[in-house]
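Note sheet for the following structure.
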Amino acid sequence: MSTTLVIRGGTVHDGNGGPGRVADVLVDGDRIVAVEPGAGGHDTPVLDATGLVVAPGFVNVLSHAYFTLEKDGRGLSDLYQGVTTQVFGEGVSIGPLTPAVRAELEATFVEPGDPPLVWERLSEFLAHLEGKGVVQNVASFVGAHNLRMIGAGADDRPMTAAELSRVRGILDEEMADGALGLGSALIYPPGCFASTDELVALCEVVARHDGMYISHMRSEGDHFLDAVDELIEIGRRAELHAEIYHLKTAGRRNWPKMARAVERVEAARAAGRPVTADIYPYLAGQTQLAASIPPDFHDGGHEALAARLADPAERARIRAAVEAPSERWENLYLATGGASGVMLLPDPNGPAAEYRGLSLLQAADADGTEPVEMLLKLVEQEPALHAMYFMMDEEALRTALRNPWVSVGSDAPTFAVESPDADAPTHPRAYGTFARILGRYVREQSLLTLGEAVRRMTSLPAGNLGLRDRGLLAPGHYADIVVFDPGTVADLATYEEPHQYATGVRHVVVNGQTALADGVPTGLLPGRALRRGR
């Protein structure tokens, strides 16, 4: 039997969820050729896995590493956790683009040092990443934000029949080129301006390609259960697989709703509807501080919001809206319990750098400003300023994680603990998500068995996403493999000090090439652009 790599003597958890067994894994080129005991006596390179677990490489269902991998293809914060595949597309994707969409994305999402958005189609961007070299495989959903911008711009209105027909055609082309499906983020403008009917019309195109609809739902707070119902309805009407991005409940009064949401998903699944979810194992979310401003005031885009903030009467209206409960939008500010639950993450070289790591309340006190007025002032100073919102509950997280249809995603870019990343504002989930599952929820709390946790991070997402021959250690499958110590794997990143690599991962193999050996990156960049069903 021809082999180019042997992983010898480990306990293999193959991704099916069962108990492990001691075996060698034999690789030839980019494929696994055998998983069997005592097969390691070949004159080929050997990775020693004695006393360690050998598993399929982890699939990061929700990654924002599109720009960070473009700048630094090593993907170290995820590589040290055993991630071998990154999946993009929560609301925004790097294609399809038009000049107007490109300008809006650059104003809203592109930070200093990010690459220019020179691509027109998503497939072109993924091919670009593969060509320049990335350590992990990359794949993406088409962002519903992009399609909304192409059709109706940043306006709060329905698409016309002609606009909807146009974007359906573009979506059809992207799906034919291998996109995974449609990804929405329905608490953010302009995505939140889309109706259920519009989303169904787009998902009908996705369904023709056997793709998936995946969504940051319209509410994770007061209207959480309504949002779950909407996602299930979209999947039912369009006849496709639907997944909830980062399943969570926001705000103390909403925490008990998690059990009821699980019941609704279980009922849909029992009726034959393919509905799944993913989570990140933390109690704070991260997004732009501007997301605390109601969507109505974002109507027309970034420049329109800036103009409203500059108008005293409009500013007063915005301030009052942030402070008041709403039936129409997700109030993140109130979900945290107010300014003390919002931790500021400004650019270390930006105008608000002095408030880094402070709560919004602490920043307001330091400035001598009322908290909501301070929020508006910071959004004016640094429109892309991010914040962490402490609004979730540990027991609700555990209730979600127990379910066999829940996979894992970091909801974060990739970083390195060296300049220029070392000062970048970020969430600990960028460095710790997968290691935290294995350390905290498997080893320490026994919420999941080791085999089941591996399945949730490998074959479950690979199957949902339509990534052929990925997610299992089996002959004929691609050799995406992680070797780790189940007794020491752990996350070290904290909210205060997030730039710390996880520990316990010994080797990582991507497409048959060793990207991490004995805990040290090799410098190889073997990642590929993956396309659904291919």
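Below are the figures for this structure:
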{"quantity": "Rule-of-thumb Rg ratio for the chain [Cα; 2.2 N^0.38 Å; N residues]", "calculated": "0.94"}
{"quantity": "Net charge of Cβ neighbours under 11 Å - reference residue 491; Lys, Arg +1; Asp, Glu -1", "calculated": "+3"}
{"quantity": "Estimated FRET transfer efficiency (residue 445, residue 226; beta-carbon r; R0 25 Å; 0.05)", "calculated": "0.20"}
{"quantity": "CD proxy at 222 nm, helix term only [per DSSP H run n ≥ 4: -39500 (n - 2.57); per residue of the chain; nearest 500]", "calculated": "-9500 deg cm²/dmol"}
{"quantity": "Volume of the Cα convex hull of the stretch 288-390, divided per residue and given in Å³", "calculated": "88"}
{"quantity": "Residue 36 versus residue 469: modelled label distance in nm, points set 7 Å from Cα along the beta carbon direction", "calculated": "2.0"}
{"quantity": "Charge dipole of the stretch 387-534 about the Cα centre (unit charges at C-beta), most positive-ward option of 426, 473, 412", "calculated": "473"}
{"quantity": "Total formal charge among the other residues, if their Cβ is under 10 angstrom from that of residue 241, Lys/Arg +1 and Asp/Glu -1", "calculated": "-2"}
{"quantity": "Simple Cβ-charge dipole of the stretch 288-390, Lys/Arg +1 and Asp/Glu -1, about Cα centre, in debye nearest 20", "calculated": "100"}
{"quantity": "Additional length obtainable on full extension of the chain from residue 496 to residue 70, 0.36 nm per residue less Cα span", "calculated": "150.7 nm"}
{"quantity": "Size of electric dipole in the chain: Cβ of Lys, Arg +1 and of Asp, Glu -1, about Cα centre, debye, nearest 20", "calculated": "1400"}
{"quantity": "Potential lengthening between residue 21 and residue 361 on full extension [0.36 nm per residue; Cα-Cα distance subtracted]", "calculated": "117.1 nm"}
{"quantity": "Exposed GluC sites (Glu not before Pro) absent - longest run of the chain, DSSP non-H/G/I/E/B, at most 10 other C-beta within 10 Å", "calculated": "1-326"}
{"quantity": "Distance-filtered residues of the stretch 223-251 - backbone nitrogen under 16 Å, label point 7 angstrom along residue 327 Cα→Cβ", "calculated": "223-224, 226-227"}
{"quantity": "Trypsin sites (Lys or Arg not before Pro) within the stretch 241-333: DSSP coil, no more than 15 neighbouring Cβ in 10 Å", "calculated": "328"}
{"quantity": "Potential lengthening between residue 107 and residue 422 on full extension [0.36 nm per residue; Cα-Cα distance subtracted]", "calculated": "111.0 nm"}
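Values quoted throughout were computed directly from the atomic coordinates according to the rules given, and no laboratory measurement underlies them. Computed from a predicted model, the values in this text were never measured in an experiment. When we count neighbours, we look across all protein chains shown, and the Cβ atoms used for this are built from the backbone with ideal geometry, even at glycine.
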